[in-house]
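The values are calculated or read from the model by the stated rules, or taken from the named source; none is laboratory data. Please read all numbers here as calculations on a predicted model, not as lab measurements. FYI the Cβ positions are ideal-geometry reconstructions off the backbone, even for glycines, and counts take in every protein chain you see. Protein only, heavy atoms only, side chains kept; ligands, DNA and RNA dropped before computing areas. Shrake-Rupley method; radii C 1.70, N 1.55, O 1.52, S 1.80 Å.
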Amino acid sequence: MQDNVVWTSTLDGTYEVTVTRTDDYHGELTLSEGNQVRHRESVGLSYGAIFGPDVADVADWRRIAVEFVDGQKS
């Protein structure tokens, strides 16, 4: 895992979700399918994610990813 990666997860065994730090309290969520980026958006990092991501941040990031994937399946 790269130093600027705060969190990663796999959704539905297909989508790779990654949050990368862009500065102290901000990051970028990227949702990829294979080598193709399907969605990207700015997200916040509570407490600067000094010791890892905040539980509330992870819940929000998962919600964003699930809503995007569910929208693709409609």
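For GLY13, only one of the following conditions fails: (1) touching a Ser or Thr at 6+ places or on another chain (Cβ under 7 Å); (2) on the phi > 0 side of the Ramachandran plot. What is its number?
(1)
Out of ARG38, ARG21, I need the residue that is surrounded by 12 or more Cβ atoms within 10 Å (Cβ to Cβ), over 11 Å from the mean Cα position of the chain (by Cα), assigned to a strand (DSSP E or B) and in contact (Cβ under 8 Å) with a residue 24 or more places away in the chain. Which one?
Values: ARG21 fails: over 11 Å from the mean Cα position of the chain (by Cα).
Just one listed residue meets the conditions, ARG38.
For residues that are within 19 Å of ASN4 (Cα to Cα), acidic (Asp, Glu) and modelled with pLDDT under 95, scanning just the range 41-74, find the one that is most open to solvent (accessible area, probe 1.4 Å).
Within the range 41-74, the match that is most open to solvent (accessible area, probe 1.4 Å) is ASP54.
Please specify each residue of the range 47-62 satisfying the condition of being among the small types (Gly, Ala, Ser) and free of Cβ contacts under 8 Å to residues at least 12 places away in the same chain.
The initial filter retains those residues of the range 47-62 that are among the small types (Gly, Ala, Ser), namely 48-49, 52, 56, 59.
ALA56, ALA59 - these are the residues of the range 47-62 that are among the small types (Gly, Ala, Ser) and free of Cβ contacts under 8 Å to residues at least 12 places away in the same chain.
Residue check: is GLY27 on the phi > 0 side of the Ramachandran plot, open to solvent by less than 40 Å² (accessible area, probe 1.4 Å) and in contact (Cβ under 8 Å) with a residue 12 or more places away in the chain?
Numbers: on the phi > 0 side of the Ramachandran plot: no; open to solvent by less than 40 Å² (accessible area, probe 1.4 Å): yes; in contact (Cβ under 8 Å) with a residue 12 or more places away in the chain: yes.
Answer is no for this residue.
Could you list, in sequence order, the residues of the range 1-18 that are in contact with a Lys or Arg (Cβ under 6 Å, 6 or more places away or on another chain) and open to solvent by 60 Å² or more (accessible area, probe 1.4 Å)? Don't jump to the end; show me each part of the working.
Within the range 1-18, the first condition is being in contact with a Lys or Arg (Cβ under 6 Å, 6 or more places away or on another chain), and the residues that meet it are 4, 6.
Across the range 1-18, the qualifying residue is only ASN4.
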